[in-house]
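The values are calculated or read from the model by the stated rules, or taken from the named source; none is laboratory data. The structure presented is a predicted model; accordingly, all values stated were derived computationally and were not measured. Reconstructed Cβ throughout: ideal geometry from the backbone, glycine too, with neighbour counts over all protein chains shown. Remember, those area values only see protein heavy atoms, side chains included, never the ligands or the DNA or RNA. Shrake-Rupley method; radii C 1.70, N 1.55, O 1.52, S 1.80 Å.
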Amino acid sequence: MSADSSNSANECNECTGNIKYGELIVLGYNGHLLTGDKGRRRSKYVLWKRSKANGVKPSQRHLVTNPQASIAVQDQSKHSVSYTLSRHKAIIVEYLNDDETDMFQIGRSMEDPIDCVVMDTVPGHLRAQKDTTPQSTISRFACRIIVQRSPPYTARIYAAGFDSGKNIFLGEKAVKWCSDENVDGLTTNGVFFMQPQGGFTPAGKPGPWREVSVGGSLFSLRDSRPSPLKSHQMTEEDNILRDGTLIDLCGATIVWRSALGLITSPSENEFQQLVGRLNAGRPQCPVGLNTLVLPTRGSLNLRDRQPYVYIPCGHVHGNHDWGQADTNTRKCPLCMADGKFIKLQMGCELSLYVDSEQPTYCFSPCGHMVSESTAKFWSRIAIPHGSHGFETICPFCATPLLDSHPHVKLIFQDNTDLPVT
């Protein structure tokens, strides 16, 4: 089972630490943020059962003329959601404490109610550029996750999170609707939600992306994220987080791994053994004839032993100048194919693996090494991009994958010193 003991004591205050609900992994970071994981801002959050329940559930609602002055909003002991219908008309839904659930909140804000602080992800191929940090499109209080405290520990996602005053405000311009039975709404840029068909497995395929409402209902996507019109409600679908469910916050994408589902991903020790078996074959550079070392989490200063790969043929070499035509194109000396020559690096966030097989593939064009099934799984998953676009990305660095060759099978010149039989 994949675990990260260095992170286990950090994610949620007042957690018991004995029952693990699951993990939230931010795509685009290979085991840690670029500046290091600090406090509630991390690349991965482990959700543990809290020592005391802090979940809430909707109760009665009120029609008011001044929501800011209403008792439900001003009462610091109660949670509430305010739906502003007009300048002098709003519906306030009160929420009561729920001893059967735990609540975890995600957003850009550093305020105390946020358990998981998430900032906009800059794709790997843009990180070397100056001024690459865009104006954030992630809500300060983006969403909340409610988990049942008893087995099977069902987790559900809802758009919007409660602020320091325990309130959620949907302004006059926000998409919302009201009927005799229900009042609900959508956040400005939306919280998207996708459950892979077939689960987080080698056979998993992308499911349809949905938008989740403040009340937890699912809708087909709007024409663009800030559109003022809601789409069709998907009444046959639910907001339950299943293993491998993707959550998009318009600036960052998160994958939910359940505690049970993580059993299929390799542990740190298992992964080191997988890489060790590849290195035991003593892969060589066909040009320099030097032994290469496949990198692991702690590999530093490999220098002449650092492996590189030709895209798209997949032949693995050391770093040399043979066949260099220009800065972007190299000719492979084994098959004479022209393509990029990139450094291989290991995909170290093991919670993103769909199996426990050897890392014999890499994503293109970034060079992150993974198992075959993991490479093919993520190459099928289109992630929301911009206001209405989608693109496939490397889950370890968020670099967009090449349409023609999203992943490459690595071809090693290994076991060359074994006797011929």
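Values for this structure:
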{"quantity": "Single unsatisfied condition, Ile254 versus (1) part of a loop (DSSP other than H, G, I, E, B); (2) open to solvent by less than 20 Å² (accessible area, probe 1.4 Å); (3) under 25 Å from Glu391 (Cα atoms)", "calculated": "(1)"}
{"quantity": "Count of residues meeting criterion [open to solvent by less than 30 Å² (accessible area, probe 1.4 Å) and over 14 Å from Gly124 (Cβ atoms)] in segment 351-372", "calculated": "10"}
{"quantity": "Long-range neighbours under 9 Å by Cβ, at least six apart or interchain, first residue under 20 Å from Leu344 (Cβ atoms) within segment 387-399, second of a type in the set (Lys, Arg) and not in a strand (DSSP E or B)", "calculated": "Thr392/Arg380; Cys397/Arg127"}
{"quantity": "Candidate set from segment 18-36 (those that are open to solvent by less than 20 Å² (accessible area, probe 1.4 Å) and not in a loop (DSSP other than H, G, I, E, B)); member that is nearest to Leu249 (Cα to Cα)", "calculated": "Val26"}
{"quantity": "Test: residue in segment 344-365 that is without any contact (Cβ under 8 Å) to a residue 60 or more places away in the chain and among the aliphatic types (A, V, I, L, M)", "calculated": "no"}
{"quantity": "Filtered residues of segment 140-158 (kept if of a type in the set (D, E, K, R), closer than 15 Å to Ile168 by Cα and open to solvent by less than 70 Å² (accessible area, probe 1.4 Å))", "calculated": "Arg144"}
{"quantity": "Members of segment 168-194 found to be open to solvent by 10 Å² or more (accessible area, probe 1.4 Å), in contact with a Pro (Cβ under 9 Å, 6 or more places away or on another chain) and over 15 Å from Lys230 (Cα atoms), listed by number", "calculated": "Phe169"}
{"quantity": "Hits in segment 267-289 (condition: buried (at least 21 other Cβ atoms within 10 Å of the Cβ) and under 24 Å from the mean Cα position of the chain (by Cα))", "calculated": "Phe271"}
{"quantity": "Condition met for Thr264 (closer than 27 Å to Tyr21 by Cα, open to solvent by 30 Å² or more (accessible area, probe 1.4 Å), over 22 Å from the mean Cα position of the chain (by Cα) and among the β-branched types (Val, Ile, Thr))", "calculated": "no"}
{"quantity": "Those residues of segment 154-182 which are touching a Leu at 6+ places or on another chain (Cβ under 9 Å) and either of a type outside the set (S, T, N, Q) or without any contact (Cβ under 8 Å) to a residue 12 or more places away in the chain (or both), in sequence order", "calculated": "Ala155, Arg156, Ile157, Ala159, Ala160, Leu170, Glu172, Ala174, Val175, Lys176, Cys178"}
{"quantity": "The listed residue being free of Cβ contacts under 8 Å to residues at least 60 places away in the same chain and closer than 15 Å to Arg144 by Cα, out of Ser231, Ser213, Ser227, Ser220", "calculated": "Ser213"}
{"quantity": "Residue under evaluation Tyr158, criteria (1) out of contact with any strand residue (DSSP E or B) (no Cβ under 7 Å at 6 or more places or on another chain); (2) under 22 Å from Thr84 (Cβ atoms); (3) of a type in the set (Ser, Thr, Tyr), criterion not met", "calculated": "(1)"}
{"quantity": "Pairs, first among the charged types (D, E, K, R) in segment 267-290, second open to solvent by less than 40 Å² (accessible area, probe 1.4 Å), C-beta under 8 Å, six or more apart", "calculated": "Glu268/Ser2; Glu268/Leu350; Arg282/Thr291"}
{"quantity": "Test result for Val275, in a helix (DSSP H, G or I) and of a type outside the set (Gly, Ala, Ser)", "calculated": "yes"}
{"quantity": "Filter result for Ala90 (crowded, with 22+ Cβ neighbours inside 10 Å and in contact with a Pro (Cβ under 7 Å, 6 or more places away or on another chain))", "calculated": "yes"}
{"quantity": "Test: residue in segment 108-118 that is open to solvent by less than 60 Å² (accessible area, probe 1.4 Å), of a type in the set (S, T, N, Q), at pLDDT 90 or above and closer than 21 Å to Ser213 by Cα", "calculated": "yes"}
{"quantity": "Selected residue (only one of Asp163, Asp180, Asp184, Asp115 is closer than 30 Å to Leu260 by Cβ and of a type in the set (Asp, Glu))", "calculated": "Asp115"}
